[in-house]
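J.: Just passing along the structure, written as structure tokens.
The values are calculated or read from the model by the stated rules, or taken from the named source; none is laboratory data. Predicted model only: the values in this text are computed from it and were never measured. Counting neighbours? That spans all protein chains shown, and the Cβs are built from the backbone with ideal geometry, glycine included. SASA here: full protein model, heavy atoms, side chains in, ligands and nucleic acids out. Shrake-Rupley method; radii C 1.70, N 1.55, O 1.52, S 1.80 Å.
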Amino acid sequence: MRLLALVLAGLVQASLAYDEVHSDEYLKLSAEEKSEKIFRNCLENTSPANWFSTFKMLGLFWESMCPTLTTRGDEMPGSRNKYIHTVGAVAQVQWQDLGSHSYTGLFKGAGHGIVRLSLAKEPDTDYLTTVPGMGLKFLRDGMDSANLVAMYSLAGQESWNFFRNDFSNHIGSASASNLPIAIKFARYVMHIQQVGLSDWSTHDQTGTPVVAPVFPYRLRFHPTGDIEFSDTYTRPHTEDLVTIQKGSTLYEIYALDKPVEMGGKENHIANLVTVSKMVTSRWGDKHLFFRHQDMLEDLKIRPEWKEFTPKFGFNHETNC
């Protein structure tokens, strides 16, 4: 009996043959090949991960934030844990460009993206508060992917409807309850409420470099209203999300060209559309990685935006 158990365990382990998605050889592949490898990993085991216990969550304060900013490739480095946004669902997506804008690179449209929708922390089913967010990446031929993360608010929303509110790569200030995390992040970056977008503008999906990159100050992801769930708890958020089918428009994408204080104007530039069904994924929850571009990289290119971009703590260079 013991031998049979060991054999079965070995068969299960052998079946979970995940492709590595971080090496130099992997990065040289086409955007389509990389997207397929990532999604094949996601489909290998469609059971969601478990939430971390309160005790294990303390590990968040011991981990360096630098790998989140600097890791190449599309999977979590080493044995690093995903303490925030632990449980979610994944789909392949397209960035359907609407034209009528001057932004370059991937902002002109891309067909090989991966989106992950998740909650930042484990929700209490007795309450309405949830903290939804999104990781988004688009693959490029022969080079690393472009990534961003977006949320409504660190404090969350009073609804279980994942699509109740807009997301943005710029979010409001941290509440008192999130202050310890804010202080930790501020050890590494000044602009903890934003992630940059300039990397999206430098190359198109084929990896062709742009001579004069142009990127927006901020993106806003607006739900269309076609996908809605109950405001009150009826089932885990992942069971809602996996009902989203191929061909669904998740968000209308609006770009703000510069800070509002400088007269910035917002324009509907694209739609984010699924090209696969949305699925839960053990590999997606534990290993799929979305690099956070430091907002300071954008501000070094566009220094006139700096005075209108909130920062936390004192002025300092990125500490990585």
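J.: Being under 20 Å from GLY196 (Cα atoms), of a type outside the set (Asp, Glu) and either touching a strand residue (DSSP E or B) at 6+ places or on another chain (Cβ under 6 Å) or open to solvent by 40 Å² or more (accessible area, probe 1.4 Å) (or both) is the requirement here; does ARG72 meet it?
T.: Yes; evaluated as a whole, the condition is true for this residue.
J.: Please determine, by comparing only the residues of the stretch 153-172 that are under 16 Å from the mean Cα position of the chain (by Cα) and assigned to a strand (DSSP E or B), which one is farthest from PHE221 (Cα to Cα).
T.: Out of the qualifying residues, it is HIS170.
J.: Are there any pairs with C-beta distances below 6 angstrom linking a residue in the stretch 236-247 that is within 14 Å of ALA49 (Cβ to Cβ) to a residue that is hydroxyl-bearing (Ser, Thr, Tyr) and open to solvent by 10 Å² or more (accessible area, probe 1.4 Å), with the two at least 6 apart or on different chains, and if so which?
T.: Close Cβ pairs satisfying both conditions: THR238/THR280.
J.: Considering only the stretch 158-178, state which residues are touching a strand residue (DSSP E or B) at 6+ places or on another chain (Cβ under 7 Å) and either closer than 17 Å to LEU250 by Cα or of a type in the set (Asp, Glu) (or both).
T.: GLU158, TRP160, PHE162, PHE163, ARG164, ASN165, ASP166, PHE167, SER168, ASN169
J.: Would you check which residues across the stretch 204-246 are polar (S, T, N, Q) and either at positive phi or open to solvent by 60 Å² or more (accessible area, probe 1.4 Å) (or both) and list them?
T.: Once the filter is applied, which keeps residues that are polar (S, T, N, Q) and either at positive phi or open to solvent by 60 Å² or more (accessible area, probe 1.4 Å) (or both), the stretch 204-246 yields THR206, THR208, THR232, THR234, THR243, GLN245.
J.: Separate question: In the stretch 100-113, is there at least one residue being of a type in the set (A, V, I, L, M, F, W, C), open to solvent by less than 30 Å² (accessible area, probe 1.4 Å), touching a residue at least 12 places away in the same chain (Cβ under 8 Å) and touching a Gly at 6+ places or on another chain (Cβ under 8 Å)?
T.: no
J.: Within the set of pairs 6 or more residues apart or between chains, which connect a residue that is within 14 Å of LYS258 (Cβ to Cβ) and open to solvent by 80 Å² or more (accessible area, probe 1.4 Å) inside the stretch 294-308 to a residue that is part of a helix (DSSP H, G or I) and at pLDDT 95 or above with Cβ atoms less than 6 Å apart?
T.: ILE301/SER198; LYS306/LEU299
J.: Among the residues in the stretch 68-75, are any of a type in the set (Lys, Arg), in a helix (DSSP H, G or I) and either at pLDDT below 90 or within 19 Å of LYS137 (Cα to Cα) (or both)?
T.: No; the residues of the stretch 68-75 include none that is of a type in the set (Lys, Arg), in a helix (DSSP H, G or I) and either at pLDDT below 90 or within 19 Å of LYS137 (Cα to Cα) (or both).
J.: Just need a number here: residues in the stretch 89-117 that are closer than 25 Å to CYS42 by Cβ and either at pLDDT below 95 or in a loop (DSSP other than H, G, I, E, B) (or both).
T.: Summing the residues that are closer than 25 Å to CYS42 by Cβ and either at pLDDT below 95 or in a loop (DSSP other than H, G, I, E, B) (or both) in the stretch 89-117 gives 1.
J.: Find the residue count for the stretch 264-300, including only residues that are not in a loop (DSSP other than H, G, I, E, B) and not acidic (Asp, Glu).
T.: Total meeting the criteria: 19.
J.: Could you give me the residue pairs with C-beta distances under 6 Å whose first residue belongs to the stretch 64-80 and is on the phi > 0 side of the Ramachandran plot, whose second residue is open to solvent by 30 Å² or more (accessible area, probe 1.4 Å) wherever it lies, and which are 6+ apart or on separate chains?
T.: Final answer for the pair search is GLY73/HIS22.
J.: Please list, ordered by first then second residue, the pairs with beta carbon atoms under 8 Å, 6 or more apart or interchain, first in the stretch 177-192 and loosely packed, with under 14 Cβ neighbours inside 10 Å, second of a type in the set (Phe, Trp, Tyr) and modelled with pLDDT of 85 or more.
T.: Qualifying pairs under 8 Å: PRO180/PHE61.
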